[in-house]
Amino acid sequence: MPFYIFFVIPFKEAIHRILSAIPLLGTERVFLLEALNRISGEEVVATRNLPLYAHSKRDGYAVRYEDVKEASPDSPIRLKEIGEVRAGFFSEKRIQKGEALRIMTGAPIPEGADTIIPLEETQKEDGFVYILRPFSPGQFIRKEGEEVRIGDRVLSAGELIRPYEIGLLASLGRSTLYVYQRPRVAILSTGEELVDVDGPFAGAKIISSNLYTLTSQVRECGAYPIRLGMVRDQKEEMKEKILEGLRADLVITSAGTSTGDYDLTREVIQEMGGELIFSQVAMKPGRTVAFWRLNGKPIFNLPGSPMACMISFEELVRPALLKMMGHLQIFRPLIEGRLKEDLSGEGGFYRFIYGRVSFEQGAFWVTPILPKDFGWSELMRKANGLITIPEDREGMKAGDRVSVQLLDLNF
């Protein structure tokens, strides 16, 4: 029996070993829109002011405050209208005493003007405009450089690029950006019983749902999935597939992690010269997950059980992939909620239990969704959170506080 079967480590130790072994990938230059949800690999300093020039926040009239400061509805100030200016154009006229220029939202402030009077506070008659009330100098005017000034740092390396950052960089004239690379992730399912979704489905065969679930999970967190397909429980075939997978940045296999006669994945990787980082983790589900390094590439052996496979990916692989892409926040949002039902269980393992989170009467509540109540597929479909119970806790009562990882923010 291989030595690694009894090599069980605590869950948090497994996280530490994974993150210590996972490299940060290099950067690549991409077009601006391709940088969305990526991590910046460079610092960006503004080379222009934003706004580029002072402009109006409202439709109205550009005037001199001195001319209108005494205006009131009972005693409006009459000014001569000398033209208009639209967004995208500069006016060639300078505002003199007793004059007003019609101005549109976003249009540059003309010379001589220091105040904008909103259109609804004016009346127009026979080429003149009547100001019904004054506004303080500078009101409704966005000043040049009010948002960003030349030399300001607008983006640091390591920041997440959201739609706001895309718009800001576009405003500064940036069409490309250096971001951290997205890892290529090779995914392999093992087992004689597996067929593809459109394969010959007969006898004791089952469809390789893990291959598709893992592909979706990899894509969801922003990495590139490379499906290697399925391989039979044959050593040479496994070696060929794993060697193919080593062209990627990281390899994931599902199934073959237990102690059965045909669970050969670990044995094959060991024969190929793999360095074992750990072979089992004190977590449920997912105890038999293993982590290797082979030819400098990380390899995760995930269990074949769909639920254990998904949770192992969520808790161990996802943080690794996010680290490779430069993310600083690599774990799911964590909240404290109250249990709606009792939870039984044994200590000694870090337990993950699917649950349904709700917000009621100013507090988060979570209802455990257990395999005894639902099949695994229905269970995971109903869940929007993962209840996390440390190894030093056993049974818990309704009303007890628990930590919950949010899988879905829509609840």
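Points to keep in mind about this one:
- Selection within region 95-105: residues that are surrounded by fewer than 16 Cβ atoms within 10 Å (Cβ to Cβ) and not charged (D, E, K, R). The member of this set that is farthest from TYR65 (Cα to Cα) is THR105.
- Qualifying residue in region 261-273 (condition: under 18 Å from PRO298 (Cα atoms), at pLDDT 85 or above, touching a Cys at 6+ places or on another chain (Cβ under 6 Å) and surrounded by 19 or more Cβ atoms within 10 Å (Cβ to Cβ)): no
- Strands (runs of 3 or more DSSP E) contained entirely in region 304-411, each with at least 1 residues that are within 24 Å of SER279 (Cα to Cα), at pLDDT 85 or above and among the aliphatic types (A, V, I, L, M): 350-360, 385-389
- Qualifying residue in region 7-14 (condition: assigned by TED's automatic domain parsing to the domain that holds CYS221 and crowded, with 19+ Cβ neighbours inside 10 Å): yes
- Count - residues of region 96-130 that are assigned to a strand (DSSP E or B) and under 27 Å from GLU144 (Cβ atoms): 12
- Strands (runs of 3 or more DSSP E) within region 1-95 that include 3 or more residues more than 30 Å from ILE269 (Cβ to Cβ) and modelled with pLDDT of 95 or more: 27-31, 60-63, 77-85
- The set of residues in region 324-365 that are surrounded by 12 or more Cβ atoms within 10 Å (Cβ to Cβ), within 30 Å of PRO23 (Cβ to Cβ) and among the aliphatic types (A, V, I, L, M) comprises MET324, MET325, ILE330, LEU334.
- Where SER344 falls short, out of the listed (1) more than 25 Å from LEU316 (Cβ to Cβ); (2) touching a helix residue (DSSP H, G or I) at 6+ places or on another chain (Cβ under 9 Å); (3) among the hydroxyl-bearing types (Ser, Thr, Tyr): (2)
- Of LEU294, LEU343, LEU339, all but one fail to be among the hydrophobic types (A, V, I, L, M, F, W, C), over 29 Å from ALA383 (Cα atoms) and either touching a strand residue (DSSP E or B) at 6+ places or on another chain (Cβ under 8 Å) or outside the structural domain of ALA21 (by TED's automatic domain parsing) (or both); the exception is LEU294.
- Any hit, region 281-288, residues being closer than 24 Å to GLY385 by Cα and basic (Lys, Arg): yes
- Pairs where the first residue, in region 264-291, is more than 24 Å from LEU243 (Cβ to Cβ) and in contact (Cβ under 8 Å) with a residue 40 or more places away in the chain and the second is of a type in the set (S, T, N, Q) and surrounded by fewer than 18 Cβ atoms within 10 Å (Cβ to Cβ), C-beta under 6 Å, 6+ apart: none
The values are calculated or read from the model by the stated rules, or taken from the named source; none is laboratory data. All of these numbers come straight from a predicted model, not from anything done at the bench. Heads up, the Cβs are rebuilt from the backbone with ideal geometry, glycines too, and the neighbour counts pull from every protein chain shown.
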